[in-house]
There are 6 protein chains.
Amino acid sequence: MTTTDTERFQRGLKKLKEIDGQAGENVIRSLQQVAPDLARYTIEYPFGDVYSRPGLDLKSREIATVAALTAMGNAAPQLKVHIHAALNVGCTVTEVMEIIIQMSVYAGFPAALNGAFAAEEVFLERGLIEKPSSET
Amino acid sequence: MTTTDTERFQRGLKKLKEIDGQAGENVIRSLQQVAPDLARYTIEYPFGDVYSRPGLDLKSREIATVAALTAMGNAAPQLKVHIHAALNVGCTVTEVMEIIIQMSVYAGFPAALNGAFAAEEVFLERGLIEKPSSET
Amino acid sequence: MTTTDTERFQRGLKKLKEIDGQAGENVIRSLQQVAPDLARYTIEYPFGDVYSRPGLDLKSREIATVAALTAMGNAAPQLKVHIHAALNVGCTVTEVMEIIIQMSVYAGFPAALNGAFAAEEVFLERGLIEKPSSET
Amino acid sequence: MTTTDTERFQRGLKKLKEIDGQAGENVIRSLQQVAPDLARYTIEYPFGDVYSRPGLDLKSREIATVAALTAMGNAAPQLKVHIHAALNVGCTVTEVMEIIIQMSVYAGFPAALNGAFAAEEVFLERGLIEKPSSET
Amino acid sequence: MTTTDTERFQRGLKKLKEIDGQAGENVIRSLQQVAPDLARYTIEYPFGDVYSRPGLDLKSREIATVAALTAMGNAAPQLKVHIHAALNVGCTVTEVMEIIIQMSVYAGFPAALNGAFAAEEVFLERGLIEKPSSET
Amino acid sequence: MTTTDTERFQRGLKKLKEIDGQAGENVIRSLQQVAPDLARYTIEYPFGDVYSRPGLDLKSREIATVAALTAMGNAAPQLKVHIHAALNVGCTVTEVMEIIIQMSVYAGFPAALNGAFAAEEVFLERGLIEKPSSET
């Protein structure tokens, strides 16, 4: 890695920590043994290049990502990471749920329901809602 | 249709015009002969119910929709309608393109490239960019 | 909620119970804490509006839904709910499996195999087949 | 090809003609120059094996296929062929449209709208509806 | 089943064992109670017809399959079976990971990350890598 | 852009020309007016980073890409570019068609048929097959 690649990597790592916090770092660490280069690319391109761009604020970027991952419906772990991220960069619980409800229009009710259950897990992990009494 | 259904329909129609403008009305009109009930549902549920909700501003809602449709990659006409909509409710050309670029991370480069070409068509239709000289 | 929305909700709830039985009610209840409005919409639009329409019998509607969810392959919990539903409204075990086998043609063998395993779980839950001896 | 493979092929060809009529034969013929073995497999497995099975009537099979192709949203030519097929084996125009409307619930409104426009093309080709006056 | 169908089945079963080994046989066995005909088709068409064709070597065929299943992102069990298969027919651990990394370009980083974690499980099962120290 | 970013860009551009030839350069050029940064990223990450990696030969990389794009079924222009690319880096017409036929197993027959028609267009453009007599 040249010095400049290091700069790109460092910018990405800083952005990853700002956005995804611990959840993002855990993903990268768990990738590092089996696919260290993919871990590095995940820091460099999405975070060092894309999320570091001006032109769209971080909150709007996470709205876009939560919407896309809810709609695609085949990346549950990444959806949870980005619901955390959305909350980290200023989305409220209400705003996250509004994005997910809206996806019922574009990707159908199953995608929205599965997104809502993913959000519930994240909200519980962060103590933002209480465990439903019916499950205790 | 009861009075209250009419209210929901009217709220949806007003919201549709506010967001999608002419492009949205054209879609609805073209649906009305072959599937009038689907046309009505498209006004009632997405626009009368979902987009009329408080809790997330319209600009953020269109960011979510442009992201989802770019990522899904199988609804080109609707993506164009919502790129228009995003511009109608306050997104800049730059912001729209940032959302699309970001989708390369979540849905791959082909989805982002096809999104960028859809955006180019919309920007040209609105006179926001000029026709590339290589095509004249 | 106006009286008429209540009527639509009540019609949907009744239809949901008729089709999905306990499995559907469980989904709605589990949604109600984290996303009560999405729970309400799930009753109103799919069940109060769509499944309540004349023009296609309920058995045919569930054939369509089992086919779509098997083919999409990204909504396992909803597929199980609708395999229950198909059986509730008159499909036989054989007919459910025929739909799933047919999806190998349109969505590939992995989608069909995952559909068959989902069906096996439902058939076991309902006591329609016996647990394979190799697993006891 | 052995005699028995020929039997399977002949059974498939007969079933293809019964279900898809001219539209299906056209697809096979257009495949035959570039990918003759894929043309043969398309007759043998989907039609010679799957559609020839007892256990689910042809009308129900086409309901399943129209639902799946509408929901997947990435196979427009095949969706049109199978809307023809559904009509060939006994579905009414109303029933076809009901399946498509229902897919708004499972795959979102864009998938349903694109399905409705595909159906409109088929209904026009068959003279089942008239060209909308706004387009003349 | 005629003699010739048996030949096709036997050719498929032999090819399945050659490619997928124990993992493939387990899938077929687990299918056999609930959907014996789907189990038979899975042997006949994919393995008896397609993988038995000349014109593309088995290693290239498994490269294609690992790529497709990683990109589609909705068939985790089949992806694992085919990562085993790729290793069985001559792919190295490095080659498997290169295919998966490349899918970040076409299907996005979540698909590639989930593919990498699936590969890690397979590599661990085969003793090709050691359990990460952070997990012991 | 620093010198090192330029090196990465130059390596990507050279690799793009080696693999995709004129078809790839046309895509990049057509992107450059509306989304110049996305054009640059498309050169840097897929070609400068991924395709430039050792560990998997270019022919195998294109087998993976043709498989994935055929299976995903929502990126027709990119599929055509990569069928060209596969032929450029050593795949035969037969090998390309074998990959596409194989995708019928993993993504269904419609995806394989649409892939075969895309391949036919590319083969015709390159004069590798003759226009079917039925179309003249």
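The values are calculated or read from the model by the stated rules, or taken from the named source; none is laboratory data. As the structure is a computational prediction, the values presented were derived from the model and not from experiment. As a convention, Cβ positions derive from the backbone with ideal geometry for all residues, glycine included, and neighbour counts pool all protein chains shown. Heads up: the accessible areas ignore ligands, DNA and RNA and are worked out on the full protein's heavy atoms, side chains in. Shrake-Rupley method; radii C 1.70, N 1.55, O 1.52, S 1.80 Å.
Here are the numbers:
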{"quantity": "Cβ neighbours within 10 Å from other chains - mean over B:77-83", "calculated": "2"}
{"quantity": "Average beta carbon contacts from partner chains per residue of B:21-33, 10 Å cutoff", "calculated": "2"}
{"quantity": "Region D:41-58-region B:74-136 distance, computed between alpha-carbon centres (Å)", "calculated": "42 Å"}
{"quantity": "Span-like helix ranges in chain E, DSSP H, alpha carbon extent 20 angstrom or more, Kyte mean at least -0.5", "calculated": "E:58-72, E:93-107, E:109-125"}
{"quantity": "Under Karplus coefficients 6.51, -1.76 and 1.60, residue-wise ³J(HN,Hα) of region E:36-46 in Hz, glycine/proline x", "calculated": "x, 6, 5, 4, 5, 4, 5, 7, 6, 7, x"}
{"quantity": "Quarter of the Cα convex hull surface for region D:50-136, i.e. its orientation-mean projected area (nm²)", "calculated": "6.0 nm²"}
{"quantity": "Cβ-Cβ FRET estimate between C:Thr4 and D:Thr92, R0 fixed at 25 Å, reported to 0.05", "calculated": "0.25"}
{"quantity": "Entries of B:Lys80/F:Lys80; E:Lys59/F:Lys80; E:Lys17/F:Lys131; E:Lys59/F:Lys14; A:Lys15/A:Lys131; C:Lys15/D:Lys17 with Cα pairs more than 30 Å apart", "calculated": "E:Lys17/F:Lys131; A:Lys15/A:Lys131; C:Lys15/D:Lys17"}
{"quantity": "Calculated [θ] (222 nm, deg cm²/dmol) that DSSP helices of n ≥ 4 give over the protein assembly as shown, each run adding -39,500 (n - 2.57)", "calculated": "-23500 deg cm²/dmol"}
{"quantity": "At R0 = 35 Å, FRET efficiency that the Cβ-Cβ distance of E:Glu121 and E:Arg53 yields, to 0.05", "calculated": "0.70"}
{"quantity": "Carbon + sulfur, % of accessible area of chain E - ligands and nucleic acids excluded, 1.4 Å", "calculated": "51 percent"}
{"quantity": "Cβ charges +1 (Lys, Arg) and -1 (Asp, Glu), total dipole of region B:55-131, debye", "calculated": "120 debye"}
{"quantity": "Solvent-accessible area per residue, Å², over region B:55-131 with all protein chains present [probe radius 1.4 Å]", "calculated": "27 Å²"}
{"quantity": "Minimum Cβ-to-axis distance in chain B for the rotation onto chain E, with residue, whole Å", "calculated": "B:Gly108, 2"}
{"quantity": "Cβ-placed point charges (K, R +1; D, E -1), dipole of chain B about Cα centre in debye, nearest 20", "calculated": "280 debye"}
{"quantity": "Accessible area (Å², per residue) of region E:1-53, counting only protein heavy atoms and a probe of 1.4 Å", "calculated": "43 Å²"}
{"quantity": "Solvent-accessible area buried by pairing E with C, both sides, nearest 100 square angstrom, 1.4 angstrom probe", "calculated": "1400 Å²"}
{"quantity": "Ellipsoid equivalent to region B:1-120 - semi-axes via the Cα gyration tensor, in Å", "calculated": "27, 15, 12"}
